[in-house]
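See below for the structure under consideration.
The values are calculated or read from the model by the stated rules, or taken from the named source; none is laboratory data. Because the structure is predicted, anything quoted here is derived from the model rather than measured. We place every Cβ from the backbone using ideal geometry, glycine too, and count neighbours over all the protein chains shown. Each accessible area value is taken on the protein alone, full model and side chains, heavy atoms only, with ligands, DNA and RNA left out. Shrake-Rupley method; radii C 1.70, N 1.55, O 1.52, S 1.80 Å.
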Amino acid sequence: MNILIFGPNGSGKGTQGAIVQEKYNIAHIESGAIFRKNIGGGTELGKQAKEYIDRGDLVPDDITIPMILDRLKEDDCKDGWLLDGFPRNKVQAETLSKALHNENIKLDYVIEIILDRAVAKIRITGRRLCENDNNHPNHIAFDAIKPVEKDGELVCRVCGGALSARPDDQDDEAIDKRHDIYYDENSGTMAAVNFFKGHSDATKVISIDGSPSIGAVTDEIMAAL
Ligand code: AMP
C-alpha cells in the first residue's frame, strides 16, 4: 500500500503517520526527519538544508525532490510506503506523480488532515521530540501524550528518552512561514493536496478532521483505509 499523508505542522500528521505505517508495516518516509538526521550527523545535505529549515522555508526542490525519489527506490519501499512531508508544493506533487506513473507504481491513498491554522499553531509550540524515536508522541499541553517527569526533567512518555524541542517549533516567524506555505492553494502544499483530488480514480483521497483526540482521528483514518 502506498500512501501520502498531508496536514499542517501541528495537525498530528507525524503521529498518525507512524500509527498507519506500523499497522500496515510499510516504510515511513518523513522528509523533515531525513533532513534533521542529516543536520544532526553534520552531512553535506544537512549543511545545505539547515538554513532553510531554521527559517521555516522549504529546502529547494533540486535538493529535496531527488532525495525523496531516490529514497523511494530503496528496498524497504518495495512492499509499500507512507510519505510524510512530501510533496510540499505543486511542483513536487507533479514531479512525484510523473515519477510514479513512469515506474508503474500506484498511489493508493492520500490522507489529508484538516486543521484550523490558529489551532495548529498552538499545538506546535508544545510538542517535544524524543531522542530515541521521533515518532514517540510527546506534548506538554495534552494530557494523553504528556511527557513524564524523571529526576526533575521531562522525559519521553513512551521510552524515558531525553526530549528536545525543534528550533523551528519555537520560532514564531518560522511557524508562520511554514503555515503560509501549507495553506497556500496556488502553489503551496494545499495546491499539492488539490492536485491529487480528482487527479486519478485509482487514488482515494481521505479528508479527516484533525481537531478531535489522537485516538478519534486514528479511528477515522483506519475506518477509511
Ligand atoms: P517537517 O518535519 O515536515 O515539519 O519539516 C521540517 C522542515 O524541513 C520544513 O520546514 C522544511 O524546511 C524542510 N522540508 C521538509 N519537507 C520538505 C519538502 N518536501 N520540501 C522542502 N522542504 C522540506
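Here are the numbers for the structure shown:
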{"quantity": "Extreme residue, most open to solvent (accessible area, probe 1.4 Å), among residues of the stretch 88-115 that are farther than 23 Å from Asp57 by Cβ and part of a loop (DSSP other than H, G, I, E, B)", "calculated": "Asn104"}
{"quantity": "Residue, nearest to Asp169 (Cα to Cα), within the stretch 18-75, restricted to residues that are among the hydroxyl-bearing types (Ser, Thr, Tyr) and in contact with a Ser or Thr (Cβ under 7 Å, 6 or more places away or on another chain)", "calculated": "Ser31"}
{"quantity": "Every residue from the stretch 182-198 that is of a type outside the set (Phe, Trp, Tyr) and within 16 Å of Ile5 (Cα to Cα)", "calculated": "Gly188, Thr189, Met190, Ala191, Ala192, Val193, Asn194, Lys197"}
{"quantity": "Positions within the stretch 107-127 being in contact with a strand residue (DSSP E or B) (Cβ under 9 Å, 6 or more places away or on another chain), modelled with pLDDT of 95 or more and not acidic (Asp, Glu), in sequence order", "calculated": "Leu107, Tyr109, Val110, Ile111, Ile113, Ile114, Leu115"}
{"quantity": "Test: Pro87 is within 13 Å of the ligand (Cβ to nearest atom) and under 28 Å from Glu131 (Cβ atoms)", "calculated": "no"}
{"quantity": "Residue under evaluation Asp54, criteria (1) within 20 Å of Val110 (Cα to Cα); (2) at pLDDT below 95, criterion not met", "calculated": "(1)"}
{"quantity": "Among (1) more than 16 Å from the ligand (Cβ to nearest atom); (2) of a type in the set (Ser, Thr, Tyr); (3) open to solvent by less than 10 Å² (accessible area, probe 1.4 Å) - the single one Ser31 does not satisfy", "calculated": "(1)"}
{"quantity": "In the stretch 127-141, residue nearest to Thr15 (Cα to Cα) [restricted to those that are without any contact (Cβ under 8 Å) to a residue 60 or more places away in the chain and in a loop (DSSP other than H, G, I, E, B)]", "calculated": "His136"}
{"quantity": "Close pairs (7 angstrom Cβ cut-off, 6 or more residues apart or separate chains): within 23 Å of Arg178 (Cβ to Cβ) and open to solvent by 40 Å² or more (accessible area, probe 1.4 Å) in the stretch 190-219, assigned to a strand (DSSP E or B) and at pLDDT 95 or above anywhere", "calculated": "Lys197/Val205; Val205/Val110; Val205/Glu112; Ser207/Glu112; Ser207/Ile114; Asp209/Ile114"}
{"quantity": "Residues of the stretch 8-28 classified as assigned to a loop (DSSP other than H, G, I, E, B), under 9 Å from the mean Cα position of the chain (by Cα) and near the ligand (Cβ under 10 Å from one of its atoms), total", "calculated": "2"}
{"quantity": "Residue ID - farthest from Lys121 (Cα to Cα), chosen from residues in the stretch 141-164 that are open to solvent by 90 Å² or more (accessible area, probe 1.4 Å) and over 23 Å from the mean Cα position of the chain (by Cα)", "calculated": "Asp151"}
{"quantity": "Enumeration of residues in the stretch 68-84 that are surrounded by fewer than 17 Cβ atoms within 10 Å (Cβ to Cβ) and within 13 Å of the ligand (Cβ to nearest atom)", "calculated": "Leu69"}
{"quantity": "Test: residue in the stretch 41-48 that is farther than 21 Å from Met1 by Cα and within 10 Å of the ligand (Cβ to nearest atom)", "calculated": "no"}
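One line per residue, one yes/no per condition, for (1) surrounded by fewer than 17 Cβ atoms within 10 Å (Cβ to Cβ); (2) out of contact with any helix residue (DSSP H, G or I) (no Cβ under 6 Å at 6 or more places or on another chain); (3) farther than 21 Å from Ser187 by Cα; (4) among the small types (Gly, Ala, Ser):
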position: Gly7; (1), (2), (3), (4): no, no, no, yes
position: Ser11; (1), (2), (3), (4): no, no, no, yes
position: Asn25; (1), (2), (3), (4): yes, yes, yes, no
position: Lys37; (1), (2), (3), (4): yes, yes, yes, no
position: Glu44; (1), (2), (3), (4): yes, yes, yes, no
position: Thr64; (1), (2), (3), (4): no, yes, no, no
